[in-house]
Amino acid sequence: MKLSFKDILNKKELSRDDIIILLNATQQESKLLFAKSKEIRLKHVGNKVYLRGLIELSNICKKDCLYCGIRKSNKHVCRYNLTDEEVLRTVKYAYDNNYGSLAIQSGELDNNIFVERVNNLLIKIKELTKGKLHITLSCGEQSEETYLKWNKNGGNRYLLRIESSTKELYNKIHPNNETHSFEKRIEALKALRKTGYQTGTGVMIGLPFQTTENLADDLLFMKEIDIDMVGMGPYLEQKDTPLYKFKDSLKPIEERYFMTLKMIAVLRILMKNINIAATTALEAIGVNGREKAITAGANVIMPNITPAVYRENYMIYENKPLPSSKEILVPEKRIKKIGYKIEWGDFGDSAHFKKRTQK
Ligand code: 5AD
């Protein structure tokens, strides 16, 4: 007997085929999906929304990912590095404004200077904030030794997106060489988890060549590696990148947006107590994208607090929002209006991580 959409939503365990059906939900069916993910979200992580003040440390990158606007070969990018003073001033802003957490994101470098710099910044941030801010790092693939060192000195969480868990697709969107190896990315994720980080990953949704089956496999991959947090968003074409030539084969932006919301909802059903971010890329294309993501199951927002003069240079994709007022930075009223609550001053650690490490 063929199960109805509703029956599938009420199953205890979702198979790959079930997930594909949920991801293919029509607008009408998606109402049921979002109602279910909301119920699960409220039960397992409540109506809280955690904040991470996002600092984009540098756009200098050794990688040449075929989708990314700050890839090494893009000569149109004005490269920058925040000074330590700028970083600390921004950290102080977050601390003074009752953020409980920061995310430090950077183009990927693994030389000694970079590794030591991040390390020293972590030490200084801890001093400045008396350990009252938890820190998510998102600085790419590093050696286990580096991961360990950063963790010891204050990196609590680490976000390393797998981008796509399907190896063939991963290889289509990255140069095929040692610097961009799928296996190394998987190893890095394992090393992060072993080191003791709350470990996060994520994917882009609506990539050229990507199928719903690939997306279902991405969700199963996250479950399989028992991830603590996820940041995923729509793929947005960037004209200075090699993947741009496939722009005519992409799904319309509204569909990528809708699929992202469905991915968030199904992930919430699959992994009830993880942290899921409402990413900037969603905000870039959808009116109130962040709120919609929260309604679908996301429980983290990452307001960009990078000093304004640099923000325009961190253009991973086009039309990235450049917020200028605090109201846009933390849309508190809008979040309250939809029934959710910003947890000011909270570390916002992953409940999933707490549970798995308390065992
Ligand atoms: N569209 C959407 N997301 C992108 N990213 C990089 N380029 C793009 C793009 N064109 C995402 C990747 C990366 C993160 C920093 O930004 O997933 O991990």
**Message:** Using Cα-Cα distances under 8 Å and only pairs 6 or more residues apart, what relative contact order does the stretch 185-266 have, in percent?
**Reply:** 36 percent
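Leaving out ligands, DNA and RNA, and with a 1.4 Å probe, what % of the accessible surface on the stretch 145-253 is carbon or sulfur?
Of the solvent-accessible surface of the stretch 145-253, carbon and sulfur hold 51 percent.
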**Message:** Run the lone-cysteine check on the chain: no other Cys C-beta under 4.7 Å from the residue's C-beta.
**Reply:** C61, C78, C139
**Message:** How would the stretch 177-235 be classified by its alpha-carbon gyration tensor: rounded, prolate or oblate, with rounded meaning a/c under 1.5 and the a/b versus b/c comparison settling the rest?
**Reply:** oblate
**Request:** Could you pull the Cα extents of the stretch 69-220 along its three principal axes, largest to smallest, in whole Å?
**Result:** 46, 36, 30
**Fill in**
Mean separation of Cα contacts under 8 Å (at least 6 apart) over the residue count of the stretch 218-327, i.e. the relative contact order in percent, is 29 percent
**Asked** Working from the pairwise distances between different alpha carbons, so that the mean of 1/r is found and then inverted, what is the stretch 149-198's Kirkwood radius in Å?
**Response** 11.9 Å
**Asked** Using the alpha-carbon centroid of each, what span in Å lies between the stretch 271-311 and the stretch 1-64?
**Response** 14 Å
**Request:** May I ask you to order 104-112, 170-178 by the average number of other C-beta atoms within 10 Å around their residues, highest value first?
**Result:** 104-112, 170-178
**Request:** May I ask for log10 I(q)/I(0) of the chain at q = 0.09, 0.11 Å⁻¹, from a Debye sum over the Cα atoms as equal point scatterers with solvent left out?
**Result:** -0.46, -0.70
**Fill in**
Distance in nm between N98 and R79 label points, each 7 Å along Cα→Cβ, equals 4.1 nm
**Fill in**
Taking a probe of 1.4 Å and leaving out DNA, RNA and ligands, the chain shows per residue an accessible area in Å² of 44 Å²
**Request:** Give, rounded to the nearest 20 debye, the magnitude of the charge dipole that the stretch 42-144 has about its Cα centre when Lys and Arg contribute +1 at Cβ and Asp and Glu contribute -1 at Cβ.
**Result:** 340 debye
**Complete:** Everything considered on the Cα gyration tensor (a ≥ b ≥ c; rounded for a/c under 1.5, else prolate if a/b is larger than b/c, else oblate), the stretch 20-73 must be described as oblate
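Can you tell me the relative contact order of the chain? Whole percent, Cα pairs under 8 Å, sequence separation 6 or more.
Answer for the chain is 25 percent.
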**Fill in**
Diffing the stretch 171-177: the Karplus 3J(HN,Hα) column from phi (6.51, -1.76, 1.60, θ = phi - 60°), in whole Hz with x for Gly and Pro, holds 6, 7, 10, 10, x, 8, 8
**Message:** Need one word for the stretch 157-308: rounded, prolate or oblate. Basis is the Cα gyration tensor (sqrt eigenvalues a ≥ b ≥ c); a/c below 1.5 gives rounded, then a/b vs b/c decides.
**Reply:** rounded
**Request:** Can you find, among S73, A296, N119, the residue farthest towards the positive end of the dipole of the chain? Put +1 on the C-beta of Lys and Arg, -1 on that of Asp and Glu.
**Result:** A296
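The values are calculated or read from the model by the stated rules, or taken from the named source; none is laboratory data. Since the structure is predicted, the reported quantities are computational estimates derived from the model, not experimental observations. Here Cβ is always computed from backbone atoms with ideal geometry, including for glycine, and neighbour counts include all displayed protein chains. Note: accessible area is taken over every heavy atom of the protein model, side chains too, but ligands, DNA and RNA are not part of it. Shrake-Rupley method; radii C 1.70, N 1.55, O 1.52, S 1.80 Å.
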